[in-house]
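Shown next, in structure tokens, is the structure this report addresses.
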Amino acid sequence: MDFIKTCVIKLTLILFIISGCVATQNETYLNSYNITWNTPSKNSSESMPLVGGDIGCNVWVEDGDLLLYVQRSGSLSENGEYLKMGRFRIQLNPNPFEGESSFRQELKLEDGYIEIESKKGDKESTIIKLWVDVFNPLVHVDVESNQATEVTVSYESWRTEDHELKTRAEGSRERFTCFNLEGYPDKVIRVKDEIEHFNNGVLFYHRNPKDKLIPDFLIKQQGLEEYKDQIFDDIKDRTFGGYLFGEGLIPAGTGEGKYQITPYKSWVLKSEKAKQHHRISIATHIEQAETIDDWKAKLFETAKMAQQEQKEAFEKTTSWWNQFWQRSHIIVHSENPDPSNPVWQMGRNYQLFRYQLGGNIHGEYPTKFNGGNLIYDPILIGDQYKYDPDWRQWGGAVHTAQNQRLLYWPMLKAGDFDAIIPQFELYRKGLPAAKARVEKHFGHNGAVFTEYMNAPGLVLGAGWGWEGNGHRARGKEVPFGDERATGATGYNDIVEAGVQANQSCAYHWESQLEHAYMIMEYHRFTGKDIAQYMPFIKESVVFFDEHYQLRQKMRNGKPLEENGKLVIYPSTSCESYRGATNPSDVLSGLNACLKSLLELDEKYVSADEKEYYKGYLTRIPDYPIEEVEGLIAVKPAYSWLKEANQELPQFYPLFPFDQFKLGDDEIQYFKNAYKVAPDFRKGTIVSWHQDGIQFARMGMANEAADYNTKKLQDSPRRYPTFWGPGHDWVPDHNWGGSGMIGLQEMLMQTIGDKIVLFPAWPKEWDVDFKLHAPQNTIVEAVLKDGEIVKLELSPKERENDVVLSKF
């Protein structure tokens, strides 16, 4: 590399040397991204993520003890809370973390595990390896010491008694952790877990009771009792928990204590004798089991796996992580690793956050935008959050779509196609209820999904609104089509039959179009079969045509305007412009979906359906482009009645819906739109804000570089990508996802058949990237000293589709 820096030689020779160096670099770049701590942590807020399969662990050493929180996708209570498996405490005697000893805790990204090492002089050495089996729901803790050591392992639970979740009237936001039931006018009880010593281990589980509110009460609340048998019930008989055990461990009683502000009880195991090697395992199982005995049988089958060929299982897991990192990468300023350099941080944190997303590759549910499987004690986020370790803002069984999407768009270019499926499954499962809502309340075809998405496909209870005058009350309901309900009012006001009372999202239906388009983009990238998702896509699209033709006919007797266009009103442009007519996000979503449907082959879309979609496309209104403050700009909608929130939906035709590309005349209209947008909507660098993505789409390299560098800078917490809370929670996953997208879009844009490289990349930033493009294409490139010194595409014939941007 030094030779290249100092010599001017022929491009062929540069390519030869660089290609050899890059191969070596890709094998070692992750080592410079490993997170290493040389001192123990103060508390769980200084924990390190350990992930795999669908399990997330927070790992830290505090006051001489090794602690883990363990959480797994699908651990949903009877109230829709997203509960942890529990906390695990490991103590060694003699304690390697006390006295004059060195300390090292390192996340080894390439292999996907954590290693903790302590040394006392030349004689005493202890290495602890923590890893999650990617292929089986098991967590392993392997202790190796050069001296005989005793081990004590405790399972700690704060869910040992039935607990009533308190309300706002009682001065608490405790119910926000289930969100569905915030404002519910009666008691909400979380039943206790069952925990016991069993066969030299600790058995623990939570089983949802027969008498439950979700989705049963929601079905009644929303008048859908006749459809009950069609609606997916993901809470019924759901049982989750595990078994803690290890070689040579035996029960050693129970205890109690307090961690932070939360009392707990503990079930203790101890080693029968001191030895140099200890293996501790946590087997987990989640199932909607008819009986608890059925569930236990499956759990103990998993536990047996931990006792077999651990070496082979560890090698399979590390091999999986090795292959995961070979799928794609973005390496910025790799030759000079400098953790204090914000640009280098950006490249490293892209990888660190991708690791977090890779930890739910097999998830039954999508990775939650509000913390995923990696939340910790809320009191450590703010003194106002005086709740137990399970608590998070915005709930557990509720997946807010505008937030969730930002975790899943970057998976396409990253090549993490297996990880994207849980997000799609949410909509497939929810389709029966979404269709039932339309049939029951609106009397036409199609499906409508709530912004606060959940597997049953119902509106969350707190969004639909409760009877009476309490918190999140429904207000006065008027018939479908009554124009007094516009989506511009608020709780305790007028609400239309069939529409949720929460006016932030009453008519916010864009997200079903976005996820339909995401699925079709997944197909365009991979060619994989999407037949099982086509009913969701088609029903989501047809809804808007039938719904708004019917509404217009109810107004003036004609389904369309004189020009043959739909009138999409009442609607909303994101959550921000309420009572909107023809919002830009919906218009671009419909255009994107209809054009994509027309591109699919007849396996997915029949000839008759294509004729319908062609006609439908002609009914979509033009974009709201007109003069604003002396500039021609794209507007959020034709008109609106009220503003709220901070979103910029006028940019949705750029991202996520790909309706305009660099070189189009309209790009200037989007630049103008940003210029005239209110200041409070621009430049915020937290959570879901996506200015950095839109800057890249407009080719604004300097602005994109500045914004995305700040977005992916180190968090204020010990672990660099535990951002938040922002608008959401810690770690804020839609913060990281939007940052990933911004960085990808600076490097490569793939609208249509073209592959545009470096569309918004600063010439002075050296970068090595490997990303995925449509048609099963892989793009690898190296930019060094302002010159492209490597460019490879697979398949090779796609080179004809490459467009190189000028710096």
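Computed values, structure above
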read-out	value
Residue tally, condition farther than 15 Å from Pro624 by Cα and in a loop (DSSP other than H, G, I, E, B), over the range 575-595	2
Of residues in the range 443-453 being touching a Leu at 6+ places or on another chain (Cβ under 8 Å) and open to solvent by less than 10 Å² (accessible area, probe 1.4 Å), the one modelled with the highest pLDDT	Ala447
Scan of the range 525-555 for residues that are among the charged types (D, E, K, R) and crowded, with 19+ Cβ neighbours inside 10 Å, ordered by number	Lys538, Glu539, Asp545, Arg551
Near pairs, Cβ below 7 angstrom, 6+ apart or cross-chain, from the range 602-627 (in contact (Cβ under 8 Å) with a residue 24 or more places away in the chain) to any residue that is small (Gly, Ala, Ser) and in a helix (DSSP H, G or I)	Tyr604/Ala531; Tyr623/Ser584; Pro624/Ser584
Selected residue (criterion: surrounded by the fewest Cβ atoms within 10 Å (Cβ to Cβ)) from residues of the range 702-742 that are more than 17 Å from Asn373 (Cα to Cα) and among the aliphatic types (A, V, I, L, M)	Ala705
Subset of the range 164-184 (residues that are open to solvent by less than 30 Å² (accessible area, probe 1.4 Å), at positive phi and of a type outside the set (Phe, Trp, Tyr))	Gly183
Residue match in the range 465-480 (condition: surrounded by 21 or more Cβ atoms within 10 Å (Cβ to Cβ) and either closer than 17 Å to Arg578 by Cα or not charged (D, E, K, R) (or both))	yes
Residue satisfying all of: in the range 345-364; touching a Gly at 6+ places or on another chain (Cβ under 6 Å) and open to solvent by 10 Å² or more (accessible area, probe 1.4 Å); nearest to Asp234 (Cα to Cα) among these	Glu364
Unmet criterion (only one of (1) of a type outside the set (S, T, N, Q); (2) under 22 Å from the mean Cα position of the chain (by Cα); (3) within 19 Å of Gly415 (Cα to Cα)) for Trp735	(3)
Criterion violated by Ile381 - all others in (1) open to solvent by less than 10 Å² (accessible area, probe 1.4 Å); (2) over 30 Å from Thr777 (Cβ atoms); (3) β-branched (Val, Ile, Thr) satisfied	(1)
Residues of the range 292-302 satisfying the condition of being open to solvent by less than 60 Å² (accessible area, probe 1.4 Å) and not hydrophobic (A, V, I, L, M, F, W, C)	Lys296, Thr302
Number of positions in the range 341-399 that are more than 19 Å from the chain's Cα centre (by Cα) and among the acidic types (Asp, Glu)	3
Residues satisfying the stated conditions in the range 303-326, i.e. part of a helix (DSSP H, G or I) and either over 30 Å from Tyr350 (Cβ atoms) or open to solvent by 50 Å² or more (accessible area, probe 1.4 Å) (or both)	Ala303, Lys304, Met305, Ala306, Gln310, Lys311, Glu312, Glu315, Lys316, Gln323, Gln326
Complete set of residues in the range 647-677 that are of a type outside the set (Phe, Trp, Tyr) and either modelled with pLDDT under 95 or not in a loop (DSSP other than H, G, I, E, B) (or both)	Pro649, Gln650, Ile667, Gln668, Lys671, Asn672, Ala673, Lys675, Val676
The lone exception for Phe88 - which of (1) within 25 Å of Thr36 (Cα to Cα); (2) open to solvent by 60 Å² or more (accessible area, probe 1.4 Å); (3) part of a strand (DSSP E or B) it fails	(2)
Long-range neighbours under 7 Å by Cβ, at least six apart or interchain, first residue of a type in the set (Lys, Arg) within the range 758-769, second open to solvent by 30 Å² or more (accessible area, probe 1.4 Å)	Lys763/Phe807
Tally, over the range 616-640, of residues that are out of contact with any Leu (no Cβ under 7 Å at 6 or more places or on another chain), surrounded by fewer than 16 Cβ atoms within 10 Å (Cβ to Cβ) and within 26 Å of Val541 (Cβ to Cβ)	3
Among the residues listed as Lys435, Lys413, the single one being over 16 Å from Ser511 (Cβ atoms) and buried (at least 24 other Cβ atoms within 10 Å of the Cβ)	Lys413
Near pairs, Cβ below 9 angstrom, 6+ apart or cross-chain, from the range 209-229 (under 28 Å from Ile292 (Cα atoms) and in contact (Cβ under 8 Å) with a residue 60 or more places away in the chain) to any residue that is of a type in the set (Lys, Arg) and part of a loop (DSSP other than H, G, I, E, B)	Lys212/Lys236; Pro215/Lys236
Unmet requirement for Phe97, which otherwise passes all of (1) in a loop (DSSP other than H, G, I, E, B); (2) aromatic (Phe, Trp, Tyr); (3) within 25 Å of the chain's Cα centre (by Cα)	(3)
Failed criterion for Glu100 (all others in (1) surrounded by fewer than 22 Cβ atoms within 10 Å (Cβ to Cβ); (2) at pLDDT 95 or above; (3) in contact with a Lys or Arg (Cβ under 7 Å, 6 or more places away or on another chain) hold)	(2)
The lone exception for Gly487 - which of (1) in contact with a Pro (Cβ under 6 Å, 6 or more places away or on another chain); (2) open to solvent by less than 10 Å² (accessible area, probe 1.4 Å); (3) farther than 18 Å from Arg472 by Cα it fails	(3)
Residue satisfying condition, being of a type in the set (Lys, Arg) and either within 28 Å of Lys770 (Cα to Cα) or free of Cβ contacts under 8 Å to residues at least 40 places away in the same chain (or both), within set Lys386, Lys413, Lys429	Lys413
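The values are calculated or read from the model by the stated rules, or taken from the named source; none is laboratory data. No experiment lies behind these values; they were computed from the predicted model shown. Every residue, glycine as well, gets a Cβ built from its backbone with ideal geometry; the counts of neighbours run over all protein chains shown. The accessibility values were calculated without ligands, DNA or RNA, using every heavy atom of the protein model including side chains. Shrake-Rupley method; radii C 1.70, N 1.55, O 1.52, S 1.80 Å.
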